[in-house]
Number of protein chains: 2
Amino acid sequence: MTTSEIIQKIRSGDIRTAARLIRNIDDGDELAYGILKELHTFSGSSHIIGITGNPGAGKSTLINNLIKAFRNQNKKVGIVAIDPSSPFSGGAILGDRIRMQEHSNDPGVFMRSVATRGNLGGLSASTSSIVRVMEAMGNDVIIIETVGVGQDEVDIIKLAHTTIVVTVPGLGDDIQAIKAGILEIADIFVVNKADKDGVEKTIRDLRLMLELKGNKEGIRIPPIVTTKGISGEGTENLIKEIENHRTYLISSGKDNFLNARRDYIELLDILKINIGRRIDNIIETGTGGKEEILKRLERRETNPYVLAEDIIKKVFG
Amino acid sequence: MTTSEIIQKIRSGDIRTAARLIRNIDDGDELAYGILKELHTFSGSSHIIGITGNPGAGKSTLINNLIKAFRNQNKKVGIVAIDPSSPFSGGAILGDRIRMQEHSNDPGVFMRSVATRGNLGGLSASTSSIVRVMEAMGNDVIIIETVGVGQDEVDIIKLAHTTIVVTVPGLGDDIQAIKAGILEIADIFVVNKADKDGVEKTIRDLRLMLELKGNKEGIRIPPIVTTKGISGEGTENLIKEIENHRTYLISSGKDNFLNARRDYIELLDILKINIGRRIDNIIETGTGGKEEILKRLERRETNPYVLAEDIIKKVFG
């Protein structure tokens with residue numbers, strides 16, 4: 001297929017072509033990168049929703065319910081699930097994936113998961129690029145799910161137009177744990193598992209914190225929506241609040257800023273991947289590879305500072 | 001102070017000079033970097049212990065008990081606490097810090113916390129550099145604490161000679177959640193809060209998984225130590241297992257490899273910081289700064305791909 005054929009396929013929503021493109025971006029394919037660059041023109045009309053919250057807050061069930069509701073509105077949905085590659089959360093996340101499988105035969109639902117990697121030279125397709133491909137596919141809604149731990153995940157959430165923070169009653173001092181950072185990124189709060197004890201207290205505490213902050217800074221106070229996991233109660237309300245927030249973004253002109261911020265994140269992602277690859281190359285070809293470096297370090301023939309100066313000289317000339 | 005005076009101060013264990021050096025490394029000070037380079041020669045004799053485990057596993061109390069025990073042996077202790085900058089864990093971590101304050105007047109205990117940042121150009125002093133300074137100060141033991149979420153944290157744990165994974169009974173399917181990744185990094189398992197229900201089952205499940213893996217690969221099977229949080233019961237046993245592991249590392253020659261791996265991580269850290277700074281500079285001086293870029297993106301005058309090519313050309317010529 002020629003580049004323009006691939007672009008045509010992606011724009012018509014072809015899932016196989018999109019999946020292959022994402023894999024190729026992942027592999028660092030130059031051609032794939034060129035296609036991504038072209039796809040930028042065809043992006044900007046999807047509504048990107050970020051969903052974050054503690055492990056165990058019921059995010060996956062909530063997302064499942066949202067997918068159903070959006071599909072009932074005949075909207076196409078893309079989902080990017082961020083896997084923080086944690087040895088601790090591995091099990092839980094696998095379970096979540098399986099729960100979402102019920103949409104796997106629906107051509108109007110396209111799901112990809114991505115591992116966050118803190119590594120230099122981690123060549124995994126960045127979330128921003130996957131979102132870009134999903135936009136070009138014509139998805140009306142793109143959901144980004146993160147477990148909200150670590151700076152990487154907080155940065156990823158900045159790709160969203162509307163950020164939903166999910167919490168549950170009875171997480172101990174959960175409200176205390178929702179610190180300033182989360183108040184700043186939340187556009188909508190969901191108190192999930194609203195049939196559990198302590199839901200009123202959770203809502204009251206949350207409202208107090210939000211109003212204190214809203215009053216101080218004169219900004220929009222995020223609404224609080226209650227939902228009940230499996231039964232799906234409250235999903236329609238949540239959809240309504242998402243639409244309200246979208247209207248607010250467009251009427252205030254904020255959506256243009258959010259799209260620009262997203263572009264900026266993508267810029268940093270591209271730079272990170274490009275430079276990481278250059279360094280990997282230098283390490284592989286210019287210094288005998290990682291194994292050779294490790295051997296020299298083990299024999300204490302060199303040290304990280306001397307090596308770094310050498311590599312920087314080779315990369316930057 | 002001249003460079004050699006600073007190095008002398010650090011080597012004599014002067015806490016103020018060490019704290020200032022770490023701050024200066026944090027600020028990207030070239031001189032500080034030069035000192036760090038010299039300090040490499042005076043490192044390699046500390047025992048570095050990594051401690052990781054789910055939030056709520058009681059790591060801080062355990063570390064507190066370890067510090068006491070090491071101090072009773074008249075050993076100097078450095079602690080690096082990794083704060084994953086999570087908006088969710090903020091509260092808990094603050095509490096942990098306060099709990100460790102009881103050692104704050106002891107000149108034989110030096111503690112620093114560091115925020116992990118996934119950002120390009122994040123100039124925060126890398127953990128590897130802080131550990132290097134603590135080694136040069138003559139700390140016998142250096143403890144690195146992480147909450148074990150995210151790839152960044154798993155990478156940080158690779159700085160340690162001995163990695164301790166802390167778990168507690170009754171975390172639901174906690175053993176299921178301890179996946180292959182954690183089995184690979186653990187040198188010692190601690191089942192903490194051993195007065196809680198289900199401790200025998202936790203130990204049994206853990207032992208089974210460890211033996212399956214140990215038999216398969218013919219490797220050392222990590223011991224399991226039980227501890228009781230506040231009372232400190234089990235701490236002496238844990239200390240003994242740490243010493244056993246250190247003996248094993250030295251007699252098998254593995255410690256040389258681990259030191260080389262640590263050097264390699266430091267090499268990548270140095271490269272990351274150096275290149276991040278170059279890109280920050282280009283963005284600030286070569287393209288009008290982040291605000292200007294955001295404005296141009298908002299007006300859709302440019303896109304991330306064009307900007308990336310421009311910046312890469314400026315950085316690499």
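Only one of B:Ile230, B:Ile273 is in contact with a helix residue (DSSP H, G or I) (Cβ under 8 Å, 6 or more places away or on another chain) and modelled with pLDDT under 90; which?
Answer to the selection: B:Ile230.
Of everything in segment A:283-304, what is free of Cβ contacts under 8 Å to residues at least 12 places away in the same chain and within 35 Å of the chain's Cα centre (by Cα)? Give them in sequence order.
A:Glu284, A:Thr285, A:Gly289, A:Lys290, A:Glu291, A:Leu294, A:Pro304
Among the residues of segment A:32-54, write down those that are crowded, with 17+ Cβ neighbours inside 10 Å, more than 9 Å from every other protein chain (Cβ to nearest Cβ), out of contact with any Lys or Arg (no Cβ under 7 Å at 6 or more places or on another chain) and not hydrophobic (A, V, I, L, M, F, W, C).
A:Ser46, A:Gly50
Looking at A:Glu241, is it more than 22 Å from the chain's Cα centre (by Cα), more than 9 Å from chain B (Cβ to nearest Cβ) and part of a helix (DSSP H, G or I)?
Spelling it out, it is not the case that A:Glu241 is more than 22 Å from the chain's Cα centre (by Cα), more than 9 Å from chain B (Cβ to nearest Cβ) and part of a helix (DSSP H, G or I).
Would you check if B:Lys240 is surrounded by fewer than 20 Cβ atoms within 10 Å (Cβ to Cβ), charged (D, E, K, R), under 22 Å from B:Thr163 (Cβ atoms) and free of Cβ contacts under 8 Å to residues at least 24 places away in the same chain?
In short, yes.
Table: residues versus (1) more than 14 Å from chain B (Cβ to nearest Cβ); (2) at pLDDT 85 or above.
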residue	(1), (2)
A:Val147	no, no
A:Val166	no, yes
A:Asp173	no, no
A:Ala177	no, no
A:Ile182	no, no
A:Glu200	yes, yes
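Which residues, counting only those in segment B:255-288, are farther than 22 Å from A:Leu307 by Cβ and part of a helix (DSSP H, G or I)?
Result: B:Asp280, B:Asn281, B:Ile282, B:Ile283, B:Glu284, B:Thr285, B:Gly286.
How about segment B:1-21: which of its residues are under 22 Å from the mean Cα position of the chain (by Cα) and surrounded by 19 or more Cβ atoms within 10 Å (Cβ to Cβ)?
Selection gives B:Ile10, B:Thr17, B:Ala18, B:Leu21.
Within the bounds of segment A:95-109, is there any residue that is at pLDDT 90 or above and more than 11 Å from chain B (Cβ to nearest Cβ)?
Yes, segment A:95-109 contains at least one residue that is at pLDDT 90 or above and more than 11 Å from chain B (Cβ to nearest Cβ).
Per-residue answers, yes or no, for (1) buried (at least 19 other Cβ atoms within 10 Å of the Cβ); (2) more than 7 Å from chain B (Cβ to nearest Cβ); (3) at pLDDT 90 or above:
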residue: A:Thr226; (1), (2), (3): yes, yes, yes
residue: A:Arg246; (1), (2), (3): no, yes, yes
residue: A:Ser251; (1), (2), (3): no, yes, yes
residue: A:Asn281; (1), (2), (3): no, yes, no
residue: A:Glu284; (1), (2), (3): no, yes, no
residue: A:Glu301; (1), (2), (3): no, yes, yes
residue: A:Lys313; (1), (2), (3): no, yes, no
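Here is a list of conditions, (1) modelled with pLDDT of 90 or more; (2) among the hydrophobic types (A, V, I, L, M, F, W, C); (3) in the same structural domain as A:Ile239 (by TED's automatic domain parsing), and A:Ile82 meets all of them except one; can you say which number that is?
Every condition holds for A:Ile82 apart from (1).
State yes or no: is A:Arg261 under 24 Å from B:Gly276 (Cβ atoms), outside the structural domain of A:Asp195 (by TED's automatic domain parsing), surrounded by fewer than 19 Cβ atoms within 10 Å (Cβ to Cβ) and of a type in the set (D, E, K, R)?
yes
Name every residue in segment A:57-80 that is surrounded by fewer than 22 Cβ atoms within 10 Å (Cβ to Cβ) and out of contact with any Gly (no Cβ under 9 Å at 6 or more places or on another chain), in order of residue number.
A:Asn72, A:Gln73
Given the criterion at negative phi and touching a Lys or Arg at 6+ places or on another chain (Cβ under 9 Å), identify the matching residue among B:Gly232, B:Gly286.
When all the criteria are applied, what remains is B:Gly286.
Any chance segment B:270-282 includes a residue that's over 30 Å from the mean Cα position of the chain (by Cα) and free of Cβ contacts under 8 Å to residues at least 40 places away in the same chain?
yes
The values are calculated or read from the model by the stated rules, or taken from the named source; none is laboratory data. Computed from a predicted structure; not experimentally measured. Virtual Cβ from ideal backbone geometry, glycine too; neighbours counted across all protein chains shown.
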